[in-house]
Amino acid sequence: MKKVLFTVALCVVASASFAQKKAVKEAESLAKGTTPDFTEARALIKGALENPETKDNAQTWYVAGFIEDQQFNQEQAKQMLGQQPNEPVMYEALGSILPYFEKSYELDQLPNEKGKVKPKWTKKIKGILSANHVYYINGGAYYFDQKDYKKAYDFFEQYLKISDLEMFKGEPVAERDSNFMTVQFYSAVAATQLGDSKTAIAALERAKNTDYRANDVYQYLCYEYEQAKDTVNLEKTLKEGMQKFPDEPYYLLSLINQYIYSNRNNEAIEYLNTAISKDPKNAQLYDVMGRVYETGVKDYAKAEEYFKKALEIDPNYVESISNLGRVYYNQGVNKQGEANMINDAKQYQVELEKAKEFFRQALPYFEKAHEMKPDEREYMIALRGIYYNLNMGDKFEAIEAEMNK
């Protein structure tokens, strides 16, 4: 009796296993028929992927990918005939193939019951991935245009991943050609839109090792390091960019800004001198040098010297006009503060006159800056202080009225 029951149990197990294997074959047939039913095919294969009897079979995973490939091909055929494909359906199917095939390939490389590796599905997998490889670029571009940067990034990454698969080693699919470099670039650009600096940096670091739009890659990378507040790698990348693209001012000027923001004035001055030697007619460089001496080194004489050099190059460079005015104005304020500490009336007047002289020097620069940018409040505030300290009552009232509009 026990033996009979055991035999019945075996029959039940065998029947369940047969049913799942049959479902896999039926799913494949539904997908490749003249009137394919992809919904039913997916439902069948989903069950087989979850069932213990078939989930570890290479064929099951191959058929799952095959179904997606068939739907992709159906839509792509419309495109080739000049018809409008359903692009969301087409690219959704294409994007689903690789994960299934990766699992199928992994299982297909396992030794059989005799300990030998005899792949059954690898050749078909390679054929489909090879044929579809270039279309992952189209899919990435489609989603990029849709501003769905996550999917665009995923498609570009699948293209790159296929090129790196062991099964394609030494074959044309694995070549680092112009397509490969272009996809690396756009994958990195898509990654910068994901709000994940770690992912973006990894993609950009990979892309910077090719020659395709390397200057853009380096600038994106600097931005991402800046967002991540990784000043060590930011400086390192800026210096690499300077060496790789010596004619691109972005890296040198950005490095100078880094030094300024971190109060490393000696380094800022050193690199500014380098920048000026490369571009001696650039008024902005002299203006920045003046700011370093003014706010960092606190050397007003050198600051004045560089602001004046900037104005020799461009007399209407409003930033240097106002900066030079501020150098005089601040010295006037400082001198006025010193005068107020003096008890001797005669000496007080001497020092106060020195302060007024600084205000007189500042006056024409702020008046010109205000004329050029009448809505700039900083200039109006400076003029109000100058008019007050020089007892210029009418002008003081006029600027007050202007500020209170």
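The values are calculated or read from the model by the stated rules, or taken from the named source; none is laboratory data. This structure is a prediction, so every number in the text was calculated from the model and none was measured. Note: ideal-geometry Cβ built from the backbone for every residue, glycine included; neighbour counts use all protein chains shown. Remember, those area values only see protein heavy atoms, side chains included, never the ligands or the DNA or RNA. Shrake-Rupley method; radii C 1.70, N 1.55, O 1.52, S 1.80 Å.
Which angle from 0 to 90°, rounded to the nearest 10, does the C-alpha axis of helix 231-244 make with the longest principal axis of the chain?
The angle comes out near 90 degrees.
Specify the angular offset, from 0 to 90 degrees and rounded to the nearest 10, of the alpha carbon long axis of helix 178-192 from the longest principal axis of the alpha carbons in the chain.
60 degrees
Would you work out which of Gly82, Ile381, Ile399 lies farthest towards the positive end of the dipole of the chain, given +1 charges on the beta-carbon of Lys and Arg and -1 on that of Asp and Glu, about the Cα centre?
Farthest towards the positive pole: Gly82.
Are there any trypsin sites (Lys or Arg not before Pro) in region 111-141 that are in a DSSP loop and have at most 16 other Cβ atoms within 10 Å? List them by number.
Within region 111-141, the qualifying trypsin sites (Lys or Arg not before Pro) (loop, at most 16 other Cβ atoms within 10 Å) are Lys114, Lys116, Lys120.
Rounded, prolate or oblate: which one fits region 262-323, using the alpha carbon gyration tensor with axes a ≥ b ≥ c (rounded when a/c is under 1.5, else prolate when a/b beats b/c, else oblate)?
Oblate is the answer for region 262-323, as a/c is 1.5 or above yet b/c matches or exceeds a/b.
Would you mind telling me which residue in Lys22, Lys208, Lys308 has the biggest mean-square fluctuation in a Gaussian network model of the chain, where springs connect alpha carbons within a distance under 10 angstrom?
Of Lys22, Lys208, Lys308, the Gaussian network model singles out Lys22 as fluctuating most.
Taking the Cα atoms of the chain alone, what are Rg (to one decimal) and Dmax (as a whole number) in Å?
35.9, 128
For region 150-216, compute Rg over Rh where Rg is the Cα radius of gyration and Rh is the Kirkwood radius from the inverse mean 1/r over Cα pairs.
My calculation puts Rg/Rh at 0.98.
Packing-wise, with mean Cβ within 10 Å as the measure, how do 286-295, 84-93 rank, highest first?
286-295, 84-93
Starting at the first residue of region 127-134, write each ³J(HN,Hα) from the Karplus equation 6.51 cos²θ - 1.76 cosθ + 1.60 with θ = phi - 60°, in whole Hz, x for Gly and Pro.
After applying 6.51 cos²θ - 1.76 cosθ + 1.60, I find x, 5, 5, 5, 5, 8, 3, 5 Hz.
How many nm separate the modelled label positions at Lys55 and Asp375, each set 7 Å beyond the Cα in the direction of the Cβ?
6.5 nm
Report the accessible area of Ser130, computed with a 1.4 Å probe over the heavy atoms of all protein chains in place, in Å² rounded to the nearest 10.
Number for this one is 50 Å².
What's the angle, to the nearest 10 degrees (0 to 90), between helix 345-372's Cα axis and the longest principal axis of the chain?
50 degrees
Compute the length gained on full extension between Lys161 and Ala174: take 0.36 nm times their separation in residues and subtract their Cα-Cα distance, giving the result in nm to one decimal.
3.7 nm
Sticking with the crude label model, points 7 Å out along Cα→Cβ, report the distance from Asn340 to Lys120 in nm, one decimal please.
Between Asn340 and Lys120, the simple spin-label model gives 9.3 nm.
Mean-square fluctuation check for the chain, GNM, Cα pairs under 10 Å: which of Gln336, Gln347, Gln258 is largest?
Looking only at Gln336, Gln347, Gln258, the largest GNM fluctuation is found for Gln347.
I'd like the FRET efficiency for Asn316 and Ser262, computed as 1/(1 + (r/R0)^6) with the beta carbon distance as r and R0 of 35 Å, rounded to 0.05.
With R0 = 35 Å, the Cβ-Cβ based efficiency is 0.65.
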